Amino acid sequence: MLQSFKLFNNCNLVFSRSCSGYVSRTRYLMRLKEDDEACREALKFANVLLYHKLAPLLQKTRSGVCKVASFKTADLKQILEKVGKDKHFINESFLLGCTDKSEPQFSLEVGEVERSALEQECRGTFVDLRKAFFMITPSESALAAKGQALLRWHQTNGFCSATGQPTTRNQSGSFRVCQSSGITYYPKMSPVVIVLVSDGSRCLLARQAMFPPGMYSALSGFCDMGESVEEALHREVAEEVGLEVENLQYSGSQHWPFPQSSFMLACHATVNPNKTQVNIDKAELEDARWFTLEEITTALQNPPRNPREQPPVFWVPPSYAIANQLIREWANQQQLLRSTHRLK
């Protein structure tokens, strides 16, 4: 049973030029999603993020820090013309949200354009999203991930699954419609449970063969049709490591763009400290083992800058990943318990 829920107030809000307050900003975004003409007008003064075959464009600031690049619509039209692309191509952009300065944000896939020429004109580099996560801030990671997920969804939903006929988008990209059947398709996320298992003094982390060398993470798996979060969590832990969960607690949620756009539901779980023998499903995992607080603390304090270049023997997912949040929460709780015990 879910024992507690956390409300997060650090979400990216959407602003209009003439309104303030959460309700006004939310309604403004809804208008842009539903009103094609309003969305076209917003695009005229928007900031546009570029992707080349789903890789976001990054730029370095004067201080050497990487950021997600964005361009004013007027500037981007000039850039597109310089690399041989019609300036009206910008109308293929999809609505993402707005900045805190009330400027609409869009994403645009420019994979048809020669990459090096575009990078030169934009003074940036297109970087694989997984690698980009290690180079940009968590807030920018969320924006880049949303942009990629929306672009990928449109690329893979160009035809109606019922009729096979082409689907057409609305201006904002918030849905696609089959003109033959009238079926409307909306961008979707697949629900995934991710759980950090503890026996009271240690936590269980695992790795798949596809993970970068040395990286361990929390257990995770897709929810089956008809399952609740609780049922999926119990099943995944039993399937992957042969353990039976006794208690669980909800921690938070996150959109994750891999492999196709997942909705991560994060929980903590405990098992009987007398029943901790791990039995790994080798078809799913390469390894799984228990880690002490000292091992976890060291990993959290020494994140790799680039795991592809001499990664640590053991490291955990980057700060943007909700798995990192679970691991930090567990470590903080263990430290609190130790401090309390010493005071007694």
task: Please find, within the range 268-297, the residue that is nearest to LEU248 (Cα to Cα) out of those that are open to solvent by less than 80 Å² (accessible area, probe 1.4 Å) and either in a helix (DSSP H, G or I) or among the polar types (S, T, N, Q) (or both).
output: THR270
- prompt: SER319 is checked against (1) farther than 22 Å from VAL127 by Cβ; (2) modelled with pLDDT of 85 or more; (3) of a type in the set (Ser, Thr, Tyr) and fails just one. What number does that condition carry?
  reply: (1)
- request: Test LYS77 against the stated conditions and say whether it is of a type in the set (Lys, Arg) and closer than 21 Å to VAL127 by Cβ.
  value: no
field: Hits in the range 120-154 - residues which are open to solvent by 20 Å² or more (accessible area, probe 1.4 Å), small (Gly, Ala, Ser) and touching a Ser or Thr at 6+ places or on another chain (Cβ under 9 Å)
entry: none
Tally of residues being in a strand (DSSP E or B), open to solvent by 30 Å² or more (accessible area, probe 1.4 Å) and either under 25 Å from TYR28 (Cβ atoms) or not polar (S, T, N, Q) (or both) across the range 47-81: 4
message: For the range 92-119, which positions are out of contact with any Leu (no Cβ under 7 Å at 6 or more places or on another chain) and open to solvent by 30 Å² or more (accessible area, probe 1.4 Å)?
response: ASP100, LYS101, GLU103, GLU112, GLU114, ARG115, SER116, ALA117, GLU119
message: Here's a check for you: in the range 14-46, which residue that is touching a strand residue (DSSP E or B) at 6+ places or on another chain (Cβ under 6 Å) and at pLDDT below 90 is most open to solvent (accessible area, probe 1.4 Å)?
response: PHE15
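Condition check ((1) out of contact with any strand residue (DSSP E or B) (no Cβ under 8 Å at 6 or more places or on another chain); (2) among the acidic types (Asp, Glu); (3) open to solvent by less than 80 Å² (accessible area, probe 1.4 Å)) across all residues:
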{"position": "GLY252", "(1), (2), (3)": "no, no, yes"}
{"position": "PHE263", "(1), (2), (3)": "no, no, yes"}
{"position": "ALA266", "(1), (2), (3)": "no, no, yes"}
{"position": "GLN334", "(1), (2), (3)": "yes, no, yes"}
{"position": "ARG342", "(1), (2), (3)": "yes, no, no"}
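Considering every residue within the range 175-190, establish whether at least one is closer than 30 Å to SER93 by Cα, of a type outside the set (Lys, Arg), part of a strand (DSSP E or B) and in contact (Cβ under 8 Å) with a residue 60 or more places away in the chain.
Yes, some residue in the range 175-190 is closer than 30 Å to SER93 by Cα, of a type outside the set (Lys, Arg), part of a strand (DSSP E or B) and in contact (Cβ under 8 Å) with a residue 60 or more places away in the chain.
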query: For the range 191-243, how many residues are open to solvent by 40 Å² or more (accessible area, probe 1.4 Å), under 20 Å from PRO303 (Cβ atoms) and either charged (D, E, K, R) or part of a helix (DSSP H, G or I) (or both)?
result: 0
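The values are calculated or read from the model by the stated rules, or taken from the named source; none is laboratory data. Because the structure is predicted, anything quoted here is derived from the model rather than measured. Neighbour counts run over all protein chains shown; Cβ positions are idealised from the backbone, glycine included. Only protein heavy atoms, including side chains, enter the accessible area calculation; ligands, DNA and RNA are left aside. Shrake-Rupley method; radii C 1.70, N 1.55, O 1.52, S 1.80 Å.
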